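> Here's a structure for you.
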Amino acid sequence: MIHRSRYILIFLLSGLSICAFGEQPKKSISSTMRTSFMLNACVSNYKQPALGFTIARSGAFGYYANFMIGMNSMHMGYSYLADEDNRLLDGEYKGQIPFYTGKRAYNRLSATAGAMVRMKIPLYLYVGAGYGYKTETRELLNKQWVQAATSLGHSAVVEGGLFARWDNVTLLAGYSLFIGQQNHFYHEAKVGLGYTFKK
C-alpha cells in the first residue's frame, strides 16, 4: 500500500507541475501536427528504473508510440517454476526448496501505443494500451534458472497521463499498469522529457 501511495503521489505532483503551464497567457490555437520525441523513465519498487522513449504526433488530436525496457540485469530463460514458498513446481526436484547463487534478473519490457487529445494549450491527455513482459528469474547452484512466483509473464499494459508542450520543450507524467497472469498487477509511474520539432 505504501508503494502504491508513493506512485500515486509522484503522478499527482508531476501532473500539477505540468498543469501549471496551462495558466500562461493564451496563444492562438492551431491544429498543425507536430512531432515530439521524449526520453522516459518508469519508477517502481524495483531499484533500477525502466528507460525508453516515446514518439508522438499531436495537433488538436494525436497519437503516440512508446517502448520501455528494464535497466536491471536480464535473463529471460528459465528451466523451472517456483511457488510463493520458493518450492519448485516442476522437474526432477519438484516440491523441494533449491539452493540459489544469489543472482537475480528482473526482466521488464513493454510496447504501447495510444491516442492524445488537447485539453488546453499546451496540455494533452493521453491513454494507450499494449504488450508487456515482466518476470523475475533466479540462478540455481547448477547454473539453471528458476522463474519466481512474483512473475507476471506475458501481460497486457494500460496507461494514461498528461503530456505538455512549452515552446519546443515536452514533458510527460503518467501511470502504467501491467495486468499479468491470474490477474496479478504491477504499477509504475512514468515521467518523460523531450523535444517537439516545429515541422
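> How much length is gained if the chain between Ile69 and Phe185 is pulled fully straight, taking 0.36 nm per residue apart and subtracting their Cα-Cα distance, in nm to one decimal?
Full extension from Ile69 to Phe185 adds 40.0 nm.
> For the stretch 113-128, just list the computed ³J(HN,Hα) in residue order, Karplus coefficients 6.51, -1.76 and 1.60, θ = phi - 60°, integers in Hz, with x standing in for Gly and Pro.
Computed from phi, the couplings for the stretch 113-128 are 8, x, 10, 10, 9, 6, 8, 7, 4, x, 9, 10, 9, 10, 9, x Hz.
> Explain nothing, just compute: Karplus ³J(HN,Hα) = 6.51 cos²θ - 1.76 cosθ + 1.60, θ = phi - 60°, for every residue of the stretch 144-153 in order, whole Hz, x for Gly and Pro.
8, 10, 10, 8, 6, 5, 6, 5, 9, x
> Heads up, I need the accessible area for Arg57: 1.4 angstrom probe, whole protein in place, Å², nearest 10.
The accessible area of Arg57 comes to roughly 80 Å².
> To the nearest 20 Debye, how big is the dipole of the stretch 32-107 about its Cα centre, given +1 on the beta carbon of each Lys and Arg and -1 on that of each Asp and Glu?
460 debye
> Sticking with this one: Rounded to a whole number, what % of the accessible area of the stretch 101-182 do carbon and sulfur atoms account for, probe 1.4 Å?
Carbon and sulfur: 64 percent of the exposed surface of the stretch 101-182.
> List, in order, the whole-Hz ³J(HN,Hα) value for each residue of the stretch 176-189 obtained from phi through the Karplus relation with A = 6.51, B = -1.76, C = 1.60 and θ = phi - 60°; use x for Gly and Pro.
Those phi angles translate into 10, 10, 8, 10, x, 5, 6, 6, 7, 10, 9, 10, 9, 9 Hz.
> Just report the Cα centroid separation between the stretch 100-166 and the stretch 33-91, whole Å.
Computed from Cα coordinates, the inter-centre distance equals 3 Å.
> Between Met119 and Thr150, what's the calculated FRET efficiency when r is the beta-carbon distance and R0 is 35 Å? Round to 0.05.
In this case the efficiency is close to 0.40.
> For the pairs Lys120/Lys190; Lys94/Lys143; Lys94/Lys190, note any where the Cα-Cα span goes beyond 29 Å.
Lys94/Lys190
> On to the next question. Can you tell which of Leu140, Ala164, Thr150 lies farthest toward the positive end of the dipole of the stretch 129-170, using +1 and -1 charges on the Cβ of basic and acidic side chains (Lys, Arg; Asp, Glu)?
The Cα lying farthest towards the positive end belongs to Leu140.
> Excluding residues on the same chain fewer than 8 positions from Lys198, give the aspartates and glutamates whose Cα lies under 16 Å from its Cα.
Asp167
> Sticking with this one: Taking a probe of 1.4 Å, how large is the accessible area per residue of the stretch 89-199, in Å²?
About 48 Å² of surface per residue is accessible.
> State whether the stretch 40-116 is rounded, prolate or oblate according to the following rule on the C-alpha gyration tensor (a ≥ b ≥ c being the square roots of its eigenvalues): a/c under 1.5 gives rounded; otherwise a/b larger than b/c gives prolate, and the remaining case gives oblate.
prolate
> Additional query: Need one value: the accessible area of Leu172 in square angstrom, 1.4 angstrom probe, rounded to the nearest 10.
10 Å²
> Based solely on C-alpha atoms, express the radius of gyration and the Dmax of the stretch 107-199 in angstrom.
17.4, 59
> What do you reckon, how do Met68, Met74 stack up by accessible area (1.4 Å probe), largest on top?
Met74, Met68
> Follow-up question, since we're still on this one. Run through the stretch 40-118 and list the chymotrypsin sites (Phe, Trp or Tyr not before Pro) located in a DSSP loop whose Cβ has at most 10 other Cβ atoms within 10 Å.
Those that pass, being in a loop and sparsely packed, are Phe99.
> Hey, another quick one. How would Leu152, Leu109 rank on accessible area, largest to smallest, probe 1.4 Å?
If we order Leu152, Leu109 from most to least accessible, we get Leu109, Leu152.
> Using DSSP to define loop residues, name the GluC sites (Glu not before Pro) in the stretch 85-168 whose beta-carbon has at most 10 other beta-carbon atoms within 10 Å.
Answer in residue order: Glu92.
> So which aspartates and glutamates can Lys47 reach, going by Cα to Cα under 13 Å and dropping same-chain residues fewer than 8 places off?
Qualifying aspartates and glutamates at Cα under 13 Å: Glu188.
The values are calculated or read from the model by the stated rules, or taken from the named source; none is laboratory data. Note that the structure is a prediction, hence the values are computed from the model and not measured. Positions of Cβ are generated from backbone atoms using ideal geometry, with glycine treated the same way; all protein chains shown enter the neighbour counts. These area figures cover heavy atoms from the full protein model, side chains too; ligands, DNA and RNA do not enter into them. Shrake-Rupley method; radii C 1.70, N 1.55, O 1.52, S 1.80 Å.
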